[in-house]
Structure formats: C-alpha cells, structure tokens
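Take a look at the structure set out below.
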Amino acid sequence: MKQMLTLEESANYNRKILNYIHQASETGVYDIRGLGAKRRVPSLDDLVFLTASLSRYPLEGYREKCVTKTVLGTRFAKKPIELEMPITIAGMSFGSLSANVKEALGRAATHMGISTTTGDGGMTPEERNSSKTLVYQCLPSRYGFNPDDVRKADAIEIVVGQGAKPGGGGMLLGLKVSERVARMRTLPPGIDQRSACRHPDWTGPDDLTIKIQELREITDWKVPIYIKFGATRVREDVKLAIKAGADVIVVDGMQGGTAATQEVFIEHAGIPTLPAIRLAVEALEEMDMLGKVQLVVSGGIRTGADVAKALALGADAVAIGQGVLMSLGCNTPHYIDADGRPVDVTEEYQALGTAPGYCHHCQTGLCPVGVTTQHPVLEQRMQPEWGARRLINYLTTLKMELTTIARACGKSNVHHLEREDLVALTVEAAAMAKRPLAGTNWIPGA
Amino acid sequence: MSETFDLKTTTVRAINEHLHGLAPDATGVYEILNPNGSHNIAVGVDAPVEINIRGHAGYFTAGMNKQARVTVYGNVGWSVAENMMSGRVHVKGFASQCAGASGHGGLLVIDGDASSRCGISMKGIDIVVGGSIGHMSAFMAQAGRLVVLGDAGKGLGDSLYEAVIYVRGKIHGLGADARVEDLSEEDRTQIGELLEQAGLSARPAEFTRVASARTLYHWNPTSPQVSVL
Ligand code: SF4
C-alpha cells in the first residue's frame, strides 16, 4: 500500500525560518537587504475614520475648499518651511539612489510645493537645483557634509537614527560605491561603506543642545533644525529633542525603509509607526509643545488614508520614502525606454534571485528599473522627466484622498482632523493608538 | 585692519554675525576677549582673516571653519574645528573630546593634550597634537594625518579607513583593524613638514606609523566582491 504523505508545516519552523537556517548554515553571514519591515505589524490600516453623518456635517467632496498648507519650524527659525501639503520626501542618499532619481524627486516636490531631503552622502547639485525646498541631513557619517551646503539648505535635519535600523549605522555596499560616490564620501571606490551609528562631535542630549546652537549660529538662525530618530523610546526621545531645542521632530517607525541594512534590524528593532505617533504626540502635549514644535512622521506611509490618519493622530506632516520609489517604478516588471515603450526586466529580477512585486534587493546596486543604482547603464532606465511625472501623479492622488477624507469628516483644513475622528479595528491598534475599538468605548490599557 | 570684540559686553551671536558678513577674500585681525568658555565662537567663518580668542573657549570653537586662521590662547571644549574645511586652528592650551571631528581639510594644532576621540571621522584634515591624545582617537578616520608627540590612549584608530596616524610616545592599545606599519622615508618627510607647519619640533624618525589593515573594507570578507562599475 502507498504510504500517505504527512505535510504538516510547523508554525515555529515554517519555510521562511527553514530557509533562513539553511542559508545561515551555508554562508555564515546575516542577510543585508533594502526597503522596510515586511511582516505584518499593527498599522494605520487598523484604524478607520468616523466620517460625518447626522452628528457631524460634511463638506462637499472634491469641491469645497480644504486647506492643506503646512508650516514647519515655527519655534526658533526666522524662515520656517512652508509646504503646499503636509507631505515631504524622506531623506534618501545619493549613492543609494542615482542622480537621476534625486533630480526626479526634486522636480516633483518643487511642482507640488513640498520639500525633499538629502541623505547619507551629501547634497548633489542635481537635487539642490531641482528642489525649491531642500532639507539637508546632518548624519553621523558626515559624508560630504560642508558649510557651503549648510548655508544652501532650507532646513537642517540632524539624523539620530532611522526606523529601519534604530541604533544601527548605514551600509552602502561596494557595488554601489562609484568614483563619484566615493569622492563625495572621501573613501576608496568599491569598498563597503559603513556609516557610523554615533555622531562624531556630540553624544548625549546636553551636547546636542550646543550642536543645534552651532548649526543655528552657522546659518544665522534662519533655517529650522529638525531632529529625526527611529521609533524606540519615543516619549523620552521626543522630550529630549524638544529640550535640546529642535524646531521639528521626525519620528520614523519600524516600517521605514533603508537602502541596505541587516534584516535582523529591519524586522526586529523599533516599534511600528502607529504607536510611535501616539507616543510622540503625548510627549509634545506633556511638554506643552503641541503646535509649537512640529511633528513629522514616517515609516510605511503609502496612501492618502495613511496621511489623513497620521494627521488625525496629531502629526503635522508625513515623510515618504519607499512609496516614492515605488512610484518611480520600484517592483514593476518593466522600465520605460526613451521611446515610451515598456521593456520587460523580469529576467533581471530573477538574476537577483527575486521577482517584480517581491524585490527588496536595493543593496545590490543592480536595481532592474534604475532606481537604487549607480550603474551607468541601469541608472539611465529612470529618466528624471518621466519619474517626476509619475511622482506628481502619486502625490496628487495622496492629496486628493487626504482632502476627501478631511471634507467627509467636516474639516475645511486637513490639520483639523483629530483623534476623535478615528476608531480602531483591532484590539492591538486600539491599545497602541489609544483609540476605542470600533463599536465600543474600550481602549485597552487606558 | 583690526577689530576687538569683548564677550563681557557683546554676544557670540553678534560676533558670528559680523564674521559671516565678511567678503570671502576679506583680511584683517579680530580679537575676541573674555570668551570665558562660551560655545560656538567663530563658527562657520569663510574668509582668510586672523581670529585670536584670548582665553578659554567652549564647544565647537571654529566649527566648520573655512580659510580663517584661528588661535585660541587657552583651552577649548568639545569638538574644536569640527568639520573644518580649510584654514588653520591653533589651540595654545588643551582640547577636550572630539578635536577636529570630521574635519575635511586645513590644519588643527593643539599644543597641549587632546582628550578622547581626537580626529574621529577625519576626512582630510591634518591634526598635530603637542601632548597626548585620549582613547578611541581617529575612530573611523577616513583621510588626513594625525601627528601626536605624546602618547595615544586605548583603541587608537579603531575602524580606520585611509587616514594615517603617527605617534611618538606610547600607544596604549590599537582599535579594530588598526595596525603598526613601517615608517617610510615619505612618512618622515610628511611628519617633518607637519611639525614645521605646527611650529613644534621632534625627530620624525621617533614616530610610529598606524594605518588601516583594511580587513574591514568588506562587511563579509568571504563573499566575492565583484565590482560592476
Ligand atoms: S526594484 Fe529596485 S528599488 Fe525596488 S526593491 Fe528592487 S532594487 Fe530596490
């Protein structure tokens, strides 16, 4: 008699874990990859809006005026940042991204009246020239950091950490370190570049206070100073950043992306964006700084609904990184050639050991659609004009969704969205966002 | 032309604002009296002027300096000449932590000792220290030269890239991937030139050269490093 097969998959040792153990046993090294956490964590998806009905009065769909203007950095800076909508392009380095991508981001952001942000690798002329409003990151590595660019910046963002790797430094594998990238970073081409995890010239919050003053002195107190960190001990960090003198606080949840980081960090360090927003807002309230120090949140903000929910929870704006790259073609099966024709690159994804829709291989520098690459041939696949057009469409859609939801909640200004407009669909989200579970008035832990 | 600012009667803000208003080719001598440990004196200057700080200064003195020749007649706090691009900063006394951090160019001279992390993350700056330096100095230093006439604390040159360290005294311990190398004729010439620029004297042959063993240049030394560029 034929033996019956028993195919019982283990929850503890499922195929993903088996694969991990087998690969670790073969190679003896951990995995480094791009993008953000892939596993499901409690998120803004677990909240829904209580839009208007009898007890609330809505505004008319896409017609009635709904203000999206956003001002960041009103605490000390002479020239706060003014945005046409509460979205900013998150900091991503030249090095991880090509110069073409940087230019596309700048063009689209300028068209939409929003800001874009440099990354770990300095400011390129392409992005400064194409971005009307550019936030200059001051990172632990200080690659390419210089006073001329400090003076050219519209705001400075001191990066303490990142949601994908709070407490960890960055990596730029040698494959992406071209002559130009190496020159900008003062390092030999082709070596794996480790970005430091600690700032070289200050350590604790007391030193940070003086560092902020230094940057204010150099810029003659004109531009806002942001402080960005990955979401871990959010309440404490927000309070320390306020105390240190930040104008704007950027909190990056664990879903935030990266160009290359150890997978163990991406999936296992930091807390999701959902509780991070609530903790940050509570800290601002406890310091009586809500509305005085602005809050930008990032990490897995993808849709207009995400933007609206973040604002309702108390954020002043959001920063988007991965969504922007996907808008430029990340994870699509083709790129668009000079004649506007799609060219299939499924085989190139395969060569990286992945497929469109599953790729997180930015660390290789061999991005099949030319987004996260320094390869002279590949980078031509994403042309700035085409990319800017796509990104403008994406950002316009987000803005339309955001204002539609705001109007349906009866708000003539997206910044009037409030916590009271939200309820949670899961017990976890209710506890993390401190919003009642839908249909109840139960907030676990409250 | 010479101007005097007295921090008893004016502010760091007023001094910096004045210095930032100088033309990039401005010359002149600026005397700063009674610094009394104030932070951020003469940060972000971009003109070939001479600035004399008459007393002890606080954190970030001459931070991000370009072109200026700044002399501190006293001690300095953390991160003197951090991210300096060019010019010269001379501390006649002692320096606290992170002296010359992330400096991209120019010359930093410290006549006395410098505390821990001297030359951390340096990116092309030259640093000459007349005394000794503290632990973890030249951490992740990328380019430039650090010359130390005295001793070096533990963890010297941890995670070094291409910067080179010369120590005349005792090295209390090397950091990860740092190693002692033979001193070449070229090294001796460079040390001699730097000592001369710093106005300090010592015999170049007495120095020990420390540089990167380059074993950490790839995060996974077992994987093939095939450059596609
Ligand atoms: S398609 Fe390109 S940008 Fe997207 S995950 Fe893959 S390598 Fe990264």
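Here, each number is a calculation from the coordinates, and none is a lab measurement. Just so you know, these numbers come straight off a predicted model, no measurement behind them. Here the Cβ is made from the backbone with ideal geometry for all residues, glycine too, and neighbour counts use every protein chain on show.
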Next item on the list: Obtain the nm distance between the two label points defined at A:Glu347 and A:Thr27 by a simple spin-label model: each point lies 7 Å from its Cα along the Cα-to-C-beta direction.
Entry: 2.5 nm
Margin query: List the chymotrypsin sites (Phe, Trp or Tyr not before Pro) within segment A:362-446 that DSSP assigns to loop and that have no more than 14 neighbouring Cβ atoms inside 10 Å.
Written below: A:Trp442
Next item on the list: Just need the relative contact order of chain B here, percent rounded to a whole number, with Cα pairs under 8 Å and 6+ apart.
Entry: 10 percent
Checklist line | Förster-model FRET efficiency, 22 Å R0, A:Glu401 and A:Val67, C-beta, rounded to 0.05 | finding: 0.90
Checklist line | In degrees, nearest ten, helix B:185-198 long axis to first principal axis of chain B (Cα) | finding: 20 degrees
Checklist line | Zero-based 5 Å bins, Cα pair distances in segment B:61-168, whole percents | finding: 4, 17, 29, 29, 16, 5, 0
Check: Can you pull the Rg over Rh of segment B:94-229, Cα-only, Kirkwood?
Finding: 1.00
Note to self: Using the crude model of +1 on Lys and Arg Cβ and -1 on Asp and Glu Cβ, and no other charge, please compute the dipole size for segment B:2-212 relative to its Cα centre, in debye to 20.
What the structure shows: 440 debye
Check: Scanning chain A for helices, which whole DSSP H stretches are 24 Å or more long along the axis (Cα) and average 0.0 or more by Kyte-Doolittle?
Finding: none
Notebook entry, point to check: Net charge near A:Lys434, counting Lys/Arg +1 and Asp/Glu -1 over other residues with Cβ under 9 Å of its Cβ?
Noted result: +2
Next item on the list: Within chain A, what's the longest run with no GluC sites (Glu not before Pro) in a DSSP loop and at most 10 other beta-carbon atoms within 10 Å? Give the range, please.
Entry: A:61-446
Item checked: Spin-label model distance (nm) - A:Arg198 vs A:Glu282, 7 Å beyond Cα toward Cβ -> 3.0 nm
Notebook entry, point to check: Which lysines have a Cα less than 25 Å from the Cα of A:Lys69, not counting those fewer than 8 places away in the same chain?
Noted result: A:Lys78, A:Lys79, A:Lys102, A:Lys132, A:Lys152, A:Lys222, A:Lys228, A:Lys292, A:Lys309, A:Lys399, A:Lys411
Checklist line | Two-decimal log10 I(q)/I(0) for segment B:2-212, as the Debye equation yields it once each C-alpha is a single scatterer, q = 0.09, 0.11, 0.14, 0.18 Å⁻¹ | finding: -0.31, -0.46, -0.72, -1.11
Check: What are the radius of gyration and Dmax of segment A:255-320, computed over its Cα atoms and given in Å?
Finding: 13.0, 38
Note to self: So if I place +1 on the C-beta of Lys and Arg and -1 on the C-beta of Asp and Glu, and nothing else carries charge, what would the dipole magnitude of the protein assembly as shown be about its Cα centre? I want it in debye, nearest 20.
What the structure shows: 980 debye
Check: Put a dot 7 Å past each Cα toward the Cβ at B:Met1 and B:Thr215; how far apart are the dots in nm?
Finding: 5.7 nm
Margin query: Below 8 Å between Cα atoms, with a sequence gap of 6+, how large is the relative contact order for chain A in percent?
Written below: 22 percent
Notebook entry, point to check: Among B:Met140, A:Met326, which comes first, then next, by fewest other beta-carbon atoms within 10 Å?
Noted result: A:Met326, B:Met140
Note to self: Given the C-alpha atoms of segment A:44-433, compute the convex hull and give its volume per residue in Å³.
What the structure shows: 134 Å³
Note to self: Just want to confirm a number: the relative contact order over segment B:60-187, from Cα pairs under 8 angstrom separated by 6+ residues, in percent.
What the structure shows: 15 percent
Notebook entry, point to check: Taking only the alpha-carbon atoms of the protein assembly as shown, what semi-axes of the equivalent ellipsoid follow from 5 times the gyration tensor eigenvalues under a square root, in whole Å, largest first?
Noted result: 45, 32, 23
Note to self: Let me spell out the model: positive unit charges on the Cβ of Lys and Arg, negative unit charges on the Cβ of Asp and Glu, origin at the Cα centre of segment B:88-229. What dipole size does that give, in debye rounded to 20?
What the structure shows: 300 debye
Next item on the list: May I ask for the longest run of chain B untouched by trypsin sites (Lys or Arg not before Pro) that are loop-located per DSSP and have at most 14 neighbouring C-beta atoms (other than their own) within 10 Å?
Entry: B:9-169
